[in-house]
Structures are given as C-alpha cells and as structure tokens.
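To start, the structure itself, in structure tokens.
Each reported figure results from applying straightforward, stated rules to the coordinates on display, with no laboratory input. In this text the structure is predicted, and so the values were computed from the model without any measurement. For neighbour counting, all protein chains shown are included, and Cβ atoms are generated from backbone atoms with ideal geometry for every residue, glycine included.
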Amino acid sequence: MAKVKVSDITKELEHRFLTYALSTIVSRSLPDVRDGLKPIHRRILFAINSMGVTADAKPVKSAKIIGEVLGKYHPHGDASTYESMVRMAQDFSMRYPLVDGKGNFGSLDGDSPAAYRYTEGKLTPITTFLLSDIKKDTVEFRQNYDNTLKEPAVLPSRIPNLLINGSSGIAVGMACSFPSHNLTEVINALVSLIDDPKQTTTQIMKFIKGPDFPTGGIILNSKTEIRKAYDQGLGAVKIRGEWEPEQLERGKIQIILTSIPYGVNKARLIEKIAEIIVNKKLPSLTDIRDESDENVRVVLEIKNSQEPEKIMTYLFKHTELETNFQLNFNCLKPTGEPARLSLKELCSHFLDFRKDVIVRRLKFDLAALEKRLHILAAFAIIFKNLDKALKLIRSSKSKQEAATKLKKAFKLDDEQVSAILEIPLYRLVSMEIDKIQLEQKEKLKEQKEIKNILTSKKKIWDVVKTELKEVEEKFGDKRRTKIKTIETVEYNAEDFIEQENVVLVLSRNGWLRKIKTVNDPATLKFKEKDGLLGIIRTNTRDLAAIFTSAGMVYVHKVFNLPYTRGGFGEPVQNLFKFGDGERVLKILSLPGTENGDAEEAGEQQAFDFEDSIEDCEELLFVNDRGFGFRFPLANLTETSRAGKRVMTLKKDARMVAISPVSGKHVFMVSETGKGLLIPLDQVTQLSGPGVGVKLMNPAKSKIAAARCLDRKKPVQMVFADGKSKELNLSKITVHNRGGQGVFVAKNKKVINLI
C-alpha cells in the first residue's frame, strides 16, 4: 500500500503557487538584466543565428524560423512565438530592431502582420553584437526542453539591450516596463561609469537625458521627476505628440501632427479626433485626414479664427496625443533573482556581465593559442630532425607504430604526434616551415598580450570600453524624443463648446433623447409600456441633472450627451452607474457657463416645459415615508458616472418628489388620496445628503408626490387609471408639518401632482 503523506493544505497551496509564480517570472515574463531578453526572444535570435541567417545572409521564411524555434527550443504556441518575432522587427516598437523583417510586419495603425508563411526574416547588423563570441564559451549553456540540444542561458551581448530597446511584461505578482533609450547616450554613460564607478544617478543623467522612444514625441517631465524614477526604478513619463502649424494660401492655417506617443494606435487616435469633430465638441476643428507614409503626417483642418495652440491643448487633454508611460524596472539579476533595480544598478550589472564575458573569451582564446603553440612546437622539432622523422615513418608498418616511434624519438605527446601525421608532406618544405615559424612567433606575441590583459583589471575594463565605443561608432544616432518643459496654454473647456439650444426628453423607463427641436410633445414616440416623464429646454453649455428614486442625482454636461439621430434615444444606465431597482424621477436643467438667451428658441414656446428653475435657489426633496428637506441648487455640481447622493434613505424607502422651491407652501399627497398643505418655512434646509424632517405622516400609505407652490393657483392630481382632478388649494386649510392630512381624493390611487 502506498504511503500517505499528511500535509497542511494551506502550506501546500502556498508552496505550489509560489513555485508556479517563480517559474512564470523567470521563464517567461521578466527580461534578464544582462542581455535584456526574455527566454522567447533569446531562443528566436539564437535559432536564427544557428540557421546561419545572419545580417549578410539571404532572409528565410518566418515559418521556417518559427518551426526551428518550436521544434528545438520553445515548446509553446506558434502564434505567441511569431508575435514575439514580429515585435523585434517593428521599428515603431523597438528603438533598434533585432530582426530584419521582409513583408508585412504590422503598422502604427494597429494592422496585423501577415501570416508567417508570407513573411521573411533575418538578423539585423546590431543583433550580431548580441550574439558575438557565443561560440567561445562566453556564456553558460543549458539543456533544451527534451535534453537533445543545448541553448544559451543568456546571450553574450555587447549592447546594453535592456536599456536601448526596453521591455515589458506581466508576471505573477509583478510586472516590468522598461522604456527604450538612445544608444549613444547609454554607451557614453557606461564608459563614464567605468571611469568612475561611484557616480550617482544625477551624474549618469548628464549622459542619459531620459527615454528615447522609436516614435519620437516630447517628454514633459522635469529632470527631477525623471531622476526620481531612475533612482527608484519606478515612476512614469508623460509623452506628447509633436505638431506644427502649416501655412496655406490666403492666410489659412492647418495643423500637422508629425509624431504620436509611443504605443498609441494611430488609427484609433484619428478615429477619436473624428468623433470630437462629429459631436461638435471642438467646433474650431473641421476635418482630419491621414497623409502618413513612412513618416507620420496627420492633417487637421481648422477655422481661421481659432488659435492652433488652444486646439492642440484640447486634443492633448481629451485624446491619446498625450499619454503616460509607466516605468517599472523589474528584471532578473544575474543570480536569476527578480528585483527592481535603479538606472545605476542596471548599468553596473551590464558592465559586470561584459567584464565576465570578456574574461571568459580571453581565457578561451588563450587556451586555443596554447593548444596551437603546442602543435607548432612539435612542427619545429620535426623540421630540425626531418630526415630522422621521415625514416621512422617509412619504417613503420602502421600509423599507430609511426606514432609510437615519433613519441619516443622526439618526446612528443599524442596530440602533437597526431597533428604531425595528419600534415601533408608539401607542408614540410622550407617555405611552409617559414610560415609555421612566423605563425609561432605571432601566436606567442598574442599569448603574451592576453596574459597581460588577464592580469590587469584596468586593461580588462579598457577592452570593455573599446568594444562599447565600437558599437557606438557603428550604430549611434541622434535622439528622436525631445525632453523639454512646455508651458501649457490656459483655456476654459467651455470655450470650445458650440452654443446651441437643445431639448432633452426623458421617458419613464429611463430613455434619454437629445434633439434640436420639438414642436409638439404629442408627436414623440416611445417604446411599448413607456411614456414621457420629463422634457426640458436647455443649452449645450448647461448641465442636465437626473434625479432617481435612490436619492441620487447624476449631473452631466449637456454638450457631452450624444445627439439622438433616430429611435428612442440612449438608456441612462449606459451613461451612469445605476443601482438595482433605481428609477428616474425627474430631469432639470442647471445653469452652466454663460450662454445665449434660452428664450430665443422660437417654436419651443409652443408648449410648457418642466418646472422652471430660472429664479430658483433651492429644491425640495421628499421620500415616500414623508420626510423631506430643502437643498441649495448651488450644491448640485457635475458628478462622475457614479453620481452623488442628495438624500439618505432608510431600509426600503425611496425618494418620490423633487420640486423647485417657489411660493410659500408645500402640498403633499399620499397614494390613498390624503393631502397636507404646510408652510414652506417649516421645511428645514440641508447642505448635504440627509433624511430631513417629518413633513407628513402617510400612516399605512406612502407619499405619492409633493410640490412647492402658491396656494392661489390650482394643482392637478394624476391617478393610476390615467385620469386627473384639479384641486383648488385656497380652500384647503394650512396645517403644521407631521400631520396625516385630509382626504382630497377617495377610492383612487394618486401617482403624481402636476
């Protein structure tokens, strides 16, 4: 019977999850600080190099490369593997692409690359320096997934790939986000750090000014902000696209976008700007078109009267023309341990790695030289005693016998004898022997130079510096991303709103319409079992306030509400975050910025709109339990999608009435037909959400409706059967708050007051 192991399930789950998390972090998601690559990218580059498809070779089908990678090194999906290869070939994703892709490898517009059976690829020249000296025992190799081949644990990179190309990934419990940098700046910083290892981040930033993205743009952060992010290995940089005004004939101007922030989809950006134009959120912007080729050129047509700076300020605020790039320097240290490193630590780890690679390469070269010198020494001995050697060889009956005689006669080892017996006879003539002796002299000189370097740390670091400078001379270029502080043009968002009188129509089931004119509300159509709840005249510079039974108010800018082109409008639940069972009660227009006289709407005067709040400073809120209070209109400001609470409701209570405060009385009616008229001054005022005071006791019923009014004017009660009754309030006695009221309607259910 098998042994049963008893273990705490909590500890087992913790152990197994941590094992899985560490496996994901190390083998998939985080790059190595030394070569800046994740395993998938390292395997792709190593496979392409092993196939001989280097920078000067003819490209091969991507399908062949992916097959090589999957079959030998990376037993995972072909789609993710090809996606990784594609990214290394995109000049808008990588500052210095590592794969030279031929064919469709995607675009800034988010176009998908062609399938791998159509595209081709090979290594780029700079990738040669990632793989240089890999055959000289410069890095450790490990078994591949099926133990049939070996793959490098890290590439012997001469280039600081993690810094110049960046990386991003999400692991279990941690993530990384490295921006790309300019190679010239990084190399100069590394050389400087070799000369003075005690430099601070501030001193390193004399060379590395900040990230340098492949798509250009402008970084708006201050040096202090960038330095703090580099010090902590965590932060963000704000990137803004570049633009310039272009002068046209007759004094006209158009705006040209010449770059977009890194990682932004150009097609989606253009679509967003087009939506702004269609919805008239920026009236001064009239059209947009994309004239990009290999360079970004997006044309914005504007009205002559508007300043381009203000238009761009609006677009920076409302589109991805200005974005944040998060910096998170999590990576694998040489020990394989994940850690968040500072900029200096990233540079130091790379330099230490380069030193180790060079030492291992020099030792490999030294061993090869010593082996060759050992053979050349044997050749020299044989040349001095050539006749004797030939005599011994001729007298031997086999190669083994000849080897034994030569070893004994000239005191040679097996390796030397084997090399002698393999050499053709013509190599033993005088001229060839001269070449051998010259080679021996040169090898001895090289041996001495390598030993001198290996015995001096300074000389080793000199080699590191020399090789870094070679890379900089060959691939160094100018910055693409500018770093500067730009004074933001101050503007009022409402300045861009096109002033226009509109009508908002709200149905009982919460369907909202924004239309330009309504001649007759009776012509409005609604869904089945739905009808008109409220209709208001407002202006695009005003605010629309929607009140609900949950004691909430949702205040939204009218110009941000979508126009209704047809149909029944838009459900308010799509615009705001309503709770379960929350229903709309009322819609009001609140004054926004200065706008035109709403009375100029002309035909809009043909019917009555909702309660006017033009001369109103307060609103009355009443719930179905008879509690209520007055609330300052000034405290109703624009809210988020989650809305703002204006009335606190206990248990299953709900708000039933919202009325502009006017007149001197408040009239309330219960569902069973009892009405109560009280003085307005008995209603308390609250500046924030609350329950209020008891205005009427509905007994076993509930409050149906309430209104502030002048008792000299009649009011109409609406019943559940659709009929109504006019009530003369001047004949009703005024009582104190808290009473049950008197019957004003019998045997009918009251639902509203109008």
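Going 7 Å from the Cα of Leu454 along its beta-carbon direction, which residues of the range 118-158 have the amide nitrogen within less than 19 Å of the resulting point? From the range 118-158, the list is 133-140.
Angle, helix 399-410 long axis vs. longest principal axis of the chain, Cα atoms, 0 to 90°, nearest 10? Computed tilt is about 70 degrees. Residues Cys347, Cys708 in ascending order of nearby Cβ atoms (within 10 Å, fewest first): Cys708, Cys347. Pairs to check: Lys702/Lys748; Lys198/Lys484; Lys451/Lys474; Lys586/Lys644; Lys280/Lys514. Give those whose C-alpha atoms are more than 18 Å from each other in this structure. Over 18 Å Cα-Cα: Lys198/Lys484; Lys451/Lys474. When the alpha carbon gyration tensor of the range 37-156 is reduced to an equivalent ellipsoid, its three semi-axes come out at 23, 16, 12 angstrom, largest first.
State the label only: which of (i) 265; (ii) 295; (iii) 447 corresponds to volume of the Cα convex hull per residue in Å³ computed from the shown model? Comparing each candidate, only (ii) matches the computed number. The residue list Gln716, Ser180, Asn697 was ranked by how far each Cα lies along the charge dipole of the chain toward its positive end, using unit charges on Cβ atoms, and Ser180 comes out on top.
Once every DSSP H run of n ≥ 4 in the chain is given -39500 (n - 2.57) and the sum is divided by its residues, what mean residue ellipticity at 222 nm do you get, rounded to the nearest 500 deg cm²/dmol? Write down the numbers at each step before the final one.
Details: 18 runs with 234 residues, N = 754.
Calculated mean residue ellipticity at 222 nm is -10000 deg cm²/dmol.
Distances between every pair of Cα atoms in the range 180-254, grouped in 5 Å steps from 0 to the bin holding the largest one, split as 3, 13, 19, 19, 15, 8, 6, 5, 5, 3, 2, 1, 0 percent.
Please label the shape of the range 242-320 as rounded, prolate or oblate, based on the square roots a ≥ b ≥ c of the eigenvalues of the alpha-carbon gyration tensor (a/c under 1.5 means rounded; beyond that, a/b larger than b/c means prolate, else oblate). Kindly include the intermediate steps, with their values, before the conclusion.
Numbers: a/c = 1.71, a/b = 1.20, b/c = 1.42.
Oblate, since a/c reaches 1.5 and b/c is not below a/b.
Taken one residue at a time, the phi angles of the range 261-277 give Karplus couplings (6.51, -1.76, 1.60, θ = phi - 60°) of x, 4, x, 8, 7, 4, 5, 5, 4, 5, 5, 5, 5, 5, 5, 4, 5 Hz. Gly and Pro are set to x. Considering only Asn49, Ala63, Ala89, the residue lying farthest towards the positive end of the dipole of the range 37-156 is Asn49, judged by Cα position with unit charges set on Cβ. How would the range 89-243 be classified by its alpha-carbon gyration tensor: rounded, prolate or oblate, with rounded meaning a/c under 1.5 and the a/b versus b/c comparison settling the rest? In terms of gyration-tensor shape, oblate. Scalar couplings 3J(HN,Hα) for the range 558-566, obtained by applying the Karplus form with A = 6.51, B = -1.76, C = 1.60 to θ = phi - 60°, are 4, 5, 7, 6, x, 5, 8, 7, x Hz; x denotes Gly and Pro. Placing pseudo-labels 7 Å out from each Cα toward the beta carbon at Lys435 and Met51 gives an inter-label distance of 3.7 nm.
Can you give the charge dipole size of the chain about its Cα centre, rounded to the nearest 20 debye, using +1 on the beta carbon of Lys and Arg and -1 on the beta carbon of Asp and Glu?
Values: 119 positive and 98 negative charges, 639 e Å.
The calculated dipole for the chain is roughly 3080 debye.
A straight Cα-to-Cα reach below 12 Å connects Lys333 with the aspartates and glutamates Asp32, Asp35, Glu345, Asp352, residues fewer than 8 places away in its own chain not being considered.
Charge dipole (Cα centre; +1 on Lys/Arg Cβ, -1 on Asp/Glu Cβ; no other charges) of the range 615-754 amounts to roughly 560 debye.
Tell me the label-point distance for the pair Leu149, Arg340, using the 7 Å Cα-to-Cβ offset, in nm and rounded to one decimal. The modelled label-to-label distance comes out at 3.8 nm. What FRET efficiency would be calculated for the residue pair Asp520, Ile170, taking the C-beta separation as r and a Förster radius of 51 Å, to the nearest 0.05? With R0 = 51 Å, the Cβ-Cβ based efficiency is 0.35.
Sorted by mean Cβ packing within 10 Å, highest first, what order do the peptides 44-57, 570-583 take? It would help to have the intermediate numbers written out before the result.
Details: 44-57: 18.2, 570-583: 14.9.
Sorting 44-57, 570-583 by mean packing, highest first, produces 44-57, 570-583.
Going from the residue with the fewest nearby Cβ atoms within 10 Å to the one with the most, Trp243, Trp461 rank Trp461, Trp243. For the residue pairs Lys228/Lys482; Lys238/Lys281; Lys405/Lys435; Lys122/Lys478; Lys38/Lys72, the C-alpha atoms sit more than 22 angstrom apart in Lys238/Lys281; Lys405/Lys435; Lys122/Lys478. Taking the range 717-754 and a reference point 7 angstrom along Cα→Cβ of Lys702, the backbone N atoms nearer than 13 Å belong to 750-752.
Compute the FRET efficiency between Arg508 and Asp287 as 1/(1 + (r/R0)^6), taking r as their Cβ-Cβ distance and R0 = 30 Å, and round to the nearest 0.05.
Working: r = 41 Å, r/R0 = 1.36.
Between Arg508 and Asp287 the formula returns 0.15.
Spin-label model, Glu307/Val718: points 7 Å from Cα along the beta carbon direction are separated by 5.0 nm.
Between Thr258, Asn279, Trp243, the Cα set farthest toward the positive side of the dipole of the range 242-320 (charges on each charged residue's Cβ, about the Cα centre) is that of Asn279.
Working out 0.36 nm times the residue gap between Glu442 and Leu680, then minus their Cα-Cα distance, what length gain in nm do you get to one decimal?
Difference between extended and current length: 74.7 nm.
For the range 352-475, with only Lys/Arg (+1) and Asp/Glu (-1) charged at the beta-carbon, what is the dipole magnitude about the Cα centre, in debye rounded to 20? Don't skip to the answer; put the middle values down first.
Numbers: 30 positive and 21 negative charges, 99 e Å.
The dipole magnitude comes to about 480 debye.
How far is helix 430-454 tilted, in degrees, relative to the longest principal axis of the Cα atoms in the chain, given as a value from 0 to 90 rounded to the nearest 10? Roughly 50 degrees between the two axes.
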